[in-house]
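One structure is given here, and the rest of the page talks about it.
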Amino acid sequence: EVEYRNRKYTIAKHIVIPDNVDVITSSMFSHMTTLESIEIPATTKTIGSCAFRFCKNLKNIIIHEGVESIEDSAFDCGGLLESVTIPASVKELKSLPTAKDTEIGNNLTKIDNLVFFKRSGVERIFFNGTEEEWHGYKLKLDPFNRDFKGVYVSDPSGDTEYGGKTYRRIELPK
(Lines give C-alpha, C1' and ligand atoms only; values in the text may rest on other atoms or scores of the structure.)
Protein backbone atom coordinates (compact mmCIF):
# COMPACT_ATOMS: atom_id res chain seq x y z
CA GLU A 1 0.00 0.00 0.00
CA VAL A 2 1.08 3.52 -0.79
CA GLU A 3 -0.30 6.75 0.59
CA TYR A 4 -0.65 9.72 -1.73
CA ARG A 5 -2.49 12.95 -0.87
CA ASN A 6 -4.08 11.35 2.20
CA ARG A 7 -5.43 8.39 0.19
CA LYS A 8 -4.23 4.79 0.37
CA TYR A 9 -3.62 2.84 -2.82
CA THR A 10 -2.93 -0.84 -3.21
CA ILE A 11 -0.02 -1.71 -5.45
CA ALA A 12 -0.69 -4.90 -7.37
CA LYS A 13 2.08 -7.37 -8.13
CA HIS A 14 -0.07 -10.26 -9.36
CA ILE A 15 -3.34 -9.91 -11.25
CA VAL A 16 -5.78 -12.60 -12.35
CA ILE A 17 -8.31 -11.14 -14.76
CA PRO A 18 -11.85 -12.22 -13.73
CA ASP A 19 -13.76 -14.61 -16.02
CA ASN A 20 -16.44 -11.99 -16.75
CA VAL A 21 -13.96 -9.67 -18.56
CA ASP A 22 -14.16 -10.21 -22.32
CA VAL A 23 -11.95 -7.25 -23.35
CA ILE A 24 -8.87 -5.81 -21.68
CA THR A 25 -9.14 -2.24 -22.90
CA SER A 26 -6.33 -0.15 -24.35
CA SER A 27 -3.77 1.00 -21.76
CA MET A 28 -5.76 -0.62 -18.93
CA PHE A 29 -2.65 -1.64 -16.96
CA SER A 30 -0.13 0.57 -18.73
CA HIS A 31 2.74 1.89 -16.59
CA MET A 32 1.99 -0.45 -13.66
CA THR A 33 5.65 -0.83 -12.83
CA THR A 34 4.96 -3.02 -9.78
CA LEU A 35 3.10 -5.67 -11.80
CA GLU A 36 5.04 -8.96 -11.93
CA SER A 37 2.49 -11.46 -13.25
CA ILE A 38 -0.79 -11.51 -15.11
CA GLU A 39 -3.18 -14.35 -15.90
CA ILE A 40 -5.71 -13.86 -18.69
CA PRO A 41 -8.68 -16.28 -18.76
CA ALA A 42 -10.16 -18.12 -21.73
CA THR A 43 -13.23 -15.87 -21.55
CA THR A 44 -11.21 -12.77 -22.47
CA LYS A 45 -11.33 -12.44 -26.26
CA THR A 46 -9.30 -9.27 -26.92
CA ILE A 47 -6.23 -7.73 -25.31
CA GLY A 48 -6.25 -4.04 -26.26
CA SER A 49 -3.38 -1.94 -27.55
CA CYS A 50 -0.80 -0.91 -24.94
CA ALA A 51 -2.75 -2.85 -22.27
CA PHE A 52 0.45 -3.77 -20.40
CA ARG A 53 2.83 -1.29 -21.99
CA PHE A 54 5.72 -0.14 -19.81
CA CYS A 55 5.02 -2.75 -17.12
CA LYS A 56 8.77 -3.09 -16.82
CA ASN A 57 8.72 -5.63 -13.96
CA LEU A 58 6.27 -8.00 -15.65
CA LYS A 59 7.95 -11.43 -15.65
CA ASN A 60 5.15 -13.91 -16.16
CA ILE A 61 2.18 -13.83 -18.53
CA ILE A 62 -0.32 -16.67 -18.75
CA ILE A 63 -2.72 -16.34 -21.67
CA HIS A 64 -5.30 -19.10 -21.67
CA GLU A 65 -6.66 -20.76 -24.81
CA GLY A 66 -9.69 -18.68 -25.87
CA VAL A 67 -8.09 -15.26 -26.40
CA GLU A 68 -8.58 -14.35 -30.09
CA SER A 69 -6.88 -10.98 -30.66
CA ILE A 70 -3.79 -9.22 -29.31
CA GLU A 71 -3.64 -5.57 -30.36
CA ASP A 72 -0.59 -3.41 -31.08
CA SER A 73 1.97 -3.03 -28.26
CA ALA A 74 -0.25 -4.93 -25.80
CA PHE A 75 2.82 -6.43 -24.11
CA ASP A 76 5.46 -3.86 -25.00
CA CYS A 77 6.85 -4.09 -21.50
CA GLY A 78 10.51 -3.33 -22.13
CA GLY A 79 11.47 -5.37 -19.12
CA LEU A 80 12.08 -8.79 -17.72
CA LEU A 81 9.87 -11.12 -19.77
CA GLU A 82 11.70 -14.33 -20.60
CA SER A 83 9.02 -16.21 -22.52
CA VAL A 84 5.38 -15.99 -23.57
CA THR A 85 3.10 -18.50 -25.26
CA ILE A 86 0.49 -17.07 -27.61
CA PRO A 87 -2.31 -19.69 -27.59
CA ALA A 88 -3.54 -21.32 -30.79
CA SER A 89 -6.91 -19.57 -30.30
CA VAL A 90 -5.31 -16.20 -31.20
CA LYS A 91 -6.32 -15.37 -34.76
CA GLU A 92 -5.03 -11.79 -34.95
CA LEU A 93 -1.64 -10.69 -33.65
CA LYS A 94 -0.65 -7.06 -34.08
CA SER A 95 2.60 -7.10 -32.12
CA LEU A 96 4.82 -9.48 -30.22
CA PRO A 97 5.44 -9.25 -26.51
CA THR A 98 8.89 -7.91 -25.73
CA ALA A 99 9.94 -11.33 -24.45
CA LYS A 100 13.14 -13.12 -25.36
CA ASP A 101 11.22 -16.19 -26.54
CA THR A 102 7.67 -16.25 -27.90
CA GLU A 103 5.74 -19.35 -28.93
CA ILE A 104 2.97 -18.79 -31.51
CA GLY A 105 0.21 -21.12 -32.71
CA ASN A 106 -0.41 -21.66 -36.43
CA ASN A 107 -4.07 -20.57 -36.47
CA LEU A 108 -3.36 -16.91 -37.17
CA THR A 109 -5.50 -15.38 -39.90
CA LYS A 110 -3.81 -11.99 -39.56
CA ILE A 111 -0.35 -11.07 -38.39
CA ASP A 112 0.78 -7.49 -38.89
CA ASN A 113 4.20 -6.66 -40.26
CA LEU A 114 4.54 -4.28 -37.32
CA VAL A 115 5.16 -7.37 -35.21
CA PHE A 116 8.82 -7.43 -36.13
CA PHE A 117 9.75 -3.79 -36.19
CA LYS A 118 11.75 -2.35 -33.32
CA ARG A 119 11.00 -5.18 -30.92
CA SER A 120 14.26 -4.99 -29.03
CA GLY A 121 14.69 -7.89 -26.67
CA VAL A 122 12.84 -10.36 -28.91
CA GLU A 123 15.34 -13.11 -29.61
CA ARG A 124 13.46 -16.18 -30.82
CA ILE A 125 10.01 -16.97 -32.19
CA PHE A 126 8.77 -20.56 -31.99
CA PHE A 127 6.02 -21.17 -34.55
CA ASN A 128 3.83 -24.26 -34.17
CA GLY A 129 3.41 -24.73 -37.88
CA THR A 130 5.40 -25.40 -41.03
CA GLU A 131 7.98 -23.26 -42.79
CA GLU A 132 5.55 -22.81 -45.68
CA GLU A 133 2.84 -21.55 -43.32
CA TRP A 134 5.26 -19.08 -41.75
CA HIS A 135 6.45 -17.72 -45.10
CA GLY A 136 2.78 -17.38 -46.13
CA TYR A 137 2.55 -14.39 -43.78
CA LYS A 138 5.12 -12.57 -45.99
CA LEU A 139 6.75 -10.71 -43.11
CA LYS A 140 10.06 -8.92 -43.13
CA LEU A 141 12.28 -8.33 -40.16
CA ASP A 142 13.77 -5.06 -39.02
CA PRO A 143 17.46 -5.31 -40.06
CA PHE A 144 18.39 -3.10 -37.12
CA ASN A 145 17.05 -5.48 -34.47
CA ARG A 146 20.38 -6.90 -33.31
CA ASP A 147 18.83 -9.03 -30.56
CA PHE A 148 16.85 -11.23 -32.94
CA LYS A 149 18.25 -14.74 -33.46
CA GLY A 150 15.58 -16.38 -35.60
CA VAL A 151 12.26 -18.07 -36.28
CA TYR A 152 11.93 -21.75 -35.47
CA VAL A 153 9.20 -24.00 -36.89
CA SER A 154 7.83 -27.28 -35.53
CA ASP A 155 9.98 -30.16 -36.73
CA PRO A 156 10.40 -33.53 -34.95
CA SER A 157 13.89 -33.82 -36.50
CA GLY A 158 14.89 -30.29 -35.48
CA ASP A 159 17.78 -29.52 -33.15
CA THR A 160 16.21 -26.96 -30.78
CA GLU A 161 14.03 -27.88 -27.81
CA TYR A 162 11.51 -25.41 -26.41
CA GLY A 163 8.49 -26.01 -24.18
CA GLY A 164 8.74 -29.78 -24.59
CA LYS A 165 8.64 -29.56 -28.41
CA THR A 166 11.30 -29.78 -31.11
CA TYR A 167 11.94 -26.97 -33.60
CA ARG A 168 14.18 -26.13 -36.55
CA ARG A 169 15.55 -22.66 -37.40
CA ILE A 170 14.50 -21.32 -40.82
CA GLU A 171 15.93 -18.70 -43.15
CA LEU A 172 13.97 -15.46 -43.42
CA PRO A 173 13.66 -12.99 -46.29
CA LYS A 174 15.60 -9.78 -45.83
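Of all the residues that make up the stretch 1-26, how many are in a loop (DSSP other than H, G, I, E, B), at pLDDT 90 or above and open to solvent by less than 40 Å² (accessible area, probe 1.4 Å)?
Taking the stretch 1-26 as the starting set, the residues that turn out to be in a loop (DSSP other than H, G, I, E, B) are 1, 5-6, 10-13, 17-22, 25-26.
If we keep only those that are at pLDDT 90 or above as well, we get 13, 17-22, 25-26.
Adding the requirement that they be open to solvent by less than 40 Å² (accessible area, probe 1.4 Å) leaves 17, 21.
Going through the stretch 1-26 one residue at a time, the tally reaches 2.
Could you check the stretch 27-51 and list, in sequence order, the residues that are open to solvent by 70 Å² or more (accessible area, probe 1.4 Å) and either among the charged types (D, E, K, R) or modelled with pLDDT of 90 or more (or both)?
Narrowing the stretch 27-51 to residues open to solvent by 70 Å² or more (accessible area, probe 1.4 Å): 28, 31, 45.
Hits for the stretch 27-51 are 28, 45.
Taken across the stretch 77-95, residues that are farther than 30 Å from residue 133 by Cα, at pLDDT below 90 and of a type in the set (Lys, Arg) do not occur at all.
Sort through 144, 126, 116 and tell me the only one that's among the aromatic types (Phe, Trp, Tyr), over 21 Å from residue 49 (Cα atoms) and at pLDDT below 75. If you could, list the steps in order and put the result at the bottom.
Working: 126 fails: at pLDDT below 75; 116 fails: over 21 Å from residue 49 (Cα atoms).
Unique residue meeting the criteria: 144.
When residue 75 is tested against the conditions (1) more than 17 Å from residue 112 (Cβ to Cβ); (2) touching a strand residue (DSSP E or B) at 6+ places or on another chain (Cβ under 8 Å), the lone failure is (1). Screening residue 34 on (1) more than 22 Å from residue 148 (Cβ to Cβ); (2) in contact with a Cys (Cβ under 6 Å, 6 or more places away or on another chain) shows it passes everything except condition (2).
The values are calculated or read from the model by the stated rules, or taken from the named source; none is laboratory data. No experiment lies behind these values; they were computed from the predicted model shown. Positions of Cβ are generated from backbone atoms using ideal geometry, with glycine treated the same way; all protein chains shown enter the neighbour counts. With ligands, DNA and RNA removed, areas are computed over all heavy atoms of the protein, side chains included. Shrake-Rupley method; radii C 1.70, N 1.55, O 1.52, S 1.80 Å.
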